[in-house]
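Novice: Have a look at this one.
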Amino acid sequence: MFIFFGGLFFLLFGRLLSIQITGQAEGRQMAAMAEARYAKEAVLRADRGKIVDRDGELIASDTLSYRLIAILSEKATEKGAKEPRHVVDFEKAADLLSRYIPMEKEEMIRIQQSALERKPDTYQIEFGKAGRDISYETMEAIKKAAKEEGVTGIQFIEDKKRFYPNGDFASYLIGFAMREEDENGNVKTVGKMGLEKTYNEELTGTNGKVDYKTDRWGFVLPKTEKNIVAAKDGLTIQLTIDKVIQNFVEDAMNVVNEKYSPKKMLVIVANPKTGEIYAMSQRPSFHPGTREGLTENWLNDAVENTIEPGSTMKMFTLAAAIEEGKWDPLAEYQSGQYTIYDRVIRDVNKTGWGRISFLEGFQLSSNVSMAYLLERMGDRTFIEYLKGFGFGERVGIDLPHEAPGIILDVNPSERLTTSYGQGSTVTPVQMIQAATAIANDGKMMKPYVIDKIIDPNTDEVIEDHQPEERKSPISAETAKEVRKILESTVTSERGTGRKFALSGYSVGGKTGTAEIPKPSGGGYLSGDGNYLYSFLGMAPIEDPQLLTYVIVQQPKLKLGQYGSDPVAELYTSIMESSLKYLNIAPENAGEVTTVTLPDFTGKDSGEAMSELMEMGYDPVLIGEGGNIDHQYPQKGIKLNKGAVVFLETKGDTVLPNFSGWSKKMAISFKMLSGLDIRLNGDGFVTEQSLSAGTIVNPSEPIVLQLQVPSERYKVMEEDENEEEEEAIIGG
């Protein structure tokens, strides 16, 4: 016995000595085995980058969601546990889950059986797309039902999903992103369309991790160091889109879509001074979160599709003739028809209006007048002007798959039909770029939709896009003359644009009615309503602040309705609301006096407020007074009398009366004051949760209720006892 146990002792001692010296057991490193068993790694998930509007208002972001799993292994339930942690009755569990997620009970049972057949000791299963992106409300409902019905083994894992808070909003511009599983089983959000796809790499964040050690039961060992690699969220894409104006567009399109059921619609609203796109939308459209309404068309029609523009092209033919000195508005021609070789072109009414002036011809949208203008300036000269306006080549907008369009230039008849917008093709964004030259006194601006790209981890601006001027083919004098003639199409009794007049604002533009090519076989569609109706307009016409292009294709018209009716309803609704929102003073508001704002920083707030009131401004103090640290707007800005000027000092802030403030003014006050101001709605402030004069704590929330201008002005008109409210300029 002594020899036997002594031998075992020496054998064990030798084994321990060998492990101590070599650090190996059964050919494997013991340290590595221990590290593998006890070292853990937790993933710190990065957020996908946000997409926001020009004021930082949210358009797309990641939000918390949940992933559903069903635990099948009995090993999950420890001995002596009061309640099983695995699914005891899977058929009962499937019956419950099928009431809350989009998957049939039979399909869940098939997934379970298939998993067990492949691997009998399967620990847990998931339910694919149906079991992902589950909301907090649905998760709580499932948990409650499971508890009531005695279903066990159902668990949830925190996850992320893409959130689009505005619903159907610039959908073909923004696109959408969705969760995808790669070949390794990793799930991540991937952009599939629009900006989400184009900027997928920039929007995708980098996950971080935490390395730590645990005991055999999974508890973190005391005094162990954690190695943390922070997650890096994706970049923030800030657009030139103005959320309020975009909502005006979406609302107006919904109304017209309900009333006329057109095959297609498109609207672009731009700032002609800078080329910034304020709004861009089309119909049919879809909800980016659910993809409801998404058809086989995945193209952004403003950029990726081409159209024959129709008579809206005539404004550029007119501009070329004026620049060449060939425009004589009072000279006369015989309207009706024009023969070029073996081809006859006719005016819209076939017979014309007899002998009329060129100005009348333009107001009546005469095709024949364009033919005689081409005779005067030369058709090849005209084509060179179109190239100068940017037609026939991509504008270079920061969006993918831009189409160049085609300017037909093979024979004289093609050049002639191009002069009134038939045959040659353009993109809507090309029309916007060309029209900026007319609206902006001869300065043609490149359209763009990306304002900035920002790293939210460091607040560093990675890209800062600025307005870019293009070489224009016309002078400022020509642009001004074209605008006067465009205005006459709206104001003249014979003008085709009379329906596009705005209340309180001068407007100029050109209507268009283009034939639509047949899908196959050549030729054009015929019949009532089988046209592409459009209007390219700007306002106020003396100094345009907004440029809007509206297209309505094949609306369903009732007896007495015209193709220009839905176009006019869209244009006037969008422009009137947008001009009021931007605080552009109506013409009937009387003469407006502007004053250049001095620099008040460093001065005493009391003296500064007195001086501002003497100058006709409305000063608002942020803080308790004393020396001024910042002012908004900054020095050198020209403001109309009555404009609000913010003066920031140190100390507590007394709440002002926000009534009538624009959303931009409220956001500016929020940024300067640091108060927790929450905006509900768009447009102008109508109510505030705390009264004016209240001294508020920075953490105390203040809710401002806003209404869009159309609603606000409607209420004002209906209330006979309410005094007329003056527009706040400079917000």
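Novice: Between LYS558 and LYS641, what is 0.36 nm times their sequence separation minus the Cα-Cα distance? Round to one decimal in nm.
Specialist: So the chain would gain 25.1 nm between LYS558 and LYS641.
Novice: Could you state the number of Å between the C-alpha centres of region 362-409 and region 288-310?
Specialist: Answer, in whole Å: 24.
Novice: Please give the charge dipole size of the chain, origin at the Cα centre, charges +1 on K and R Cβ atoms and -1 on D and E Cβ atoms. Round to the nearest 20 debye. It would help to have the intermediate numbers written out before the result.
Specialist: Values: 82 positive and 110 negative charges, 533 e Å.
About 2560 debye.
Novice: Compute the separation of the alpha-carbon centres of region 421-467 and region 644-667 and state it in Å as a whole number.
Specialist: Each part reduced to its Cα centre gives a spacing of 32 Å.
Novice: Starting from the amide H of TYR531, placed 1.01 Å from N in the peptide plane, find each other amide H under 5 Å away whose residue is 5 or more places distant or on another chain.
Specialist: When sequence neighbours closer than 5 places are left aside, the close amide H contacts are GLN554.
Novice: At a Cα cut-off below 18 Å, give the lysines reachable from LYS263, other chains included and same-chain residues fewer than 8 away excluded.
Specialist: Cross-link targets: LYS518, LYS556, LYS558.
Novice: By how many nm would the segment from LYS480 to ASN657 grow when fully extended, if each residue of separation counts as 0.36 nm and the alpha-carbon distance is taken off?
Specialist: So the extension gain works out to 59.6 nm.
Novice: R0 = 51 Å: FRET efficiency of ARG110 with GLN705, Cβ-based, nearest 0.05?
Specialist: Details: r = 52 Å, r/R0 = 1.01.
In this case the efficiency is close to 0.50.
Novice: Using the Cα centre of region 500-590 as the reference point, and only Cβ charges (+1 on K/R, -1 on D/E), how large is the resulting charge dipole? Debye, rounded to the nearest 20.
Specialist: On the way: 5 positive and 8 negative charges, 66 e Å.
Charge dipole, region 500-590, about its Cα centre: 320 debye, nearest 20.
Novice: What is the helix-to-structure angle for 105-118, meaning the angle in degrees between its Cα long axis and the longest Cα principal axis of the chain, kept from 0 to 90 and rounded to the nearest 10?
Specialist: With both axes taken from Cα atoms, the answer is about 50 degrees.
Novice: Accessible area, 1.4 Å probe, largest first: how do ARG483, ARG45 sort? Before the final figure, lay out each step's value.
Specialist: Details: ARG483 15, ARG45 120 Å².
Result, largest first: ARG45, ARG483.
Novice: Follow-up question, since we're still on this one. At a Cα cut-off below 19 Å, give the aspartates and glutamates reachable from LYS326, other chains included and same-chain residues fewer than 8 away excluded.
Specialist: LYS326 reaches GLU360, GLU375, ASP379, GLU384, GLU477, GLU481.
Novice: Simple spin-label model, 7 Å along Cα-to-Cβ: ASN627 to ASP342 in nm?
Specialist: 8.7
Novice: Now, a different point. LEU8 versus ASP543, label points 7 Å from Cα toward the beta carbon: distance in nm?
Specialist: 10.3
Novice: Tilt of helix 605-614 relative to the longest C-alpha principal axis of the chain, in degrees (0 to 90, nearest 10)?
Specialist: With both axes taken from Cα atoms, the answer is about 20 degrees.
Novice: Taking Cα centroids, how far is region 498-561 from region 74-99 in Å?
Specialist: 63
Novice: Another question, then. Provide the FRET efficiency to the nearest 0.05 for the MET613-ILE695 pair, computing r from the beta carbons and using R0 = 25 Å.
Specialist: 0.65
Novice: Less than 19 Å from a label point 7 Å out along the Cα-to-Cβ axis of GLU140: which backbone N atoms in region 79-114 qualify, by residue?
Specialist: 100-101
Novice: Here is a further query. Could you tally the net charge around PRO412, taking each other residue with its Cβ under 12 Å from the Cβ of PRO412, Lys/Arg +1 and Asp/Glu -1? Working shown, then result.
Specialist: Values: positive: ARG343, ARG380, ARG415; negative: ASP342, GLU375, ASP379, ASP409, GLU414.
Local charge sum for PRO412: -2.
Novice: Let me ask something additional. List the pair-distance distribution P(r) of region 226-266, using every Cα-Cα distance, as the percent of pairs falling in each 10 Å bin from 0 up to the bin containing the longest distance, rounded to whole percents.
Specialist: 21, 27, 19, 15, 11, 7, 1
Novice: For the chain, what is the accessible area per residue in Å² when the probe is 1.4 Å?
Specialist: Details: 36470 Å² over 731 residues.
With all protein chains present, the chain gives 50 Å² per residue.
Novice: What is the helix-to-structure angle for 243-260, meaning the angle in degrees between its Cα long axis and the longest Cα principal axis of the chain, kept from 0 to 90 and rounded to the nearest 10?
Specialist: So the helix axis and the longest Cα principal axis differ by about 70 degrees.
Novice: Once you've got the Cα coordinates, tell me which of LYS484/LYS580; LYS480/LYS670; LYS82/LYS105; LYS350/LYS580; LYS264/LYS510; LYS50/LYS663 are over 31 Å apart.
Specialist: Working: LYS484/LYS580 23 Å; LYS480/LYS670 40 Å; LYS82/LYS105 28 Å; LYS350/LYS580 41 Å; LYS264/LYS510 20 Å; LYS50/LYS663 21 Å.
From LYS484/LYS580; LYS480/LYS670; LYS82/LYS105; LYS350/LYS580; LYS264/LYS510; LYS50/LYS663, over 31 Å: LYS480/LYS670; LYS350/LYS580.
Novice: Still on this structure: What FRET efficiency, computed as 1/(1 + (r/R0)^6) with R0 = 22 Å and r the Cβ-Cβ distance, is obtained for LYS603 and MET671, rounded to the nearest 0.05?
Specialist: Computed FRET efficiency for LYS603 and MET671 comes out at 0.55.
Novice: How far apart, in nm, are the 7 Å Cα→Cβ label points at ASP95 and GLN155?
Specialist: With each label placed 7 Å out from Cα toward Cβ, I get 2.6 nm.
Novice: Whenever you get a sec, compute what percent of the accessible area on the chain sits on carbon and sulfur atoms (1.4 Å probe). Show your work: numbers first, answer last.
Specialist: Details: 17690 of 36470 Å².
The value for the chain is 48 percent carbon and sulfur by accessible area.
The values are calculated or read from the model by the stated rules, or taken from the named source; none is laboratory data. For clarity, every value in this text was computed on a predicted model and none was experimentally measured. A quick note on method: Cβ atoms are made from the backbone with ideal geometry, for glycine too, and the neighbour counts reach across all protein chains shown. Ligands, DNA and RNA are excluded from the accessible area calculation, which covers all protein heavy atoms including side chains. Shrake-Rupley method; radii C 1.70, N 1.55, O 1.52, S 1.80 Å.
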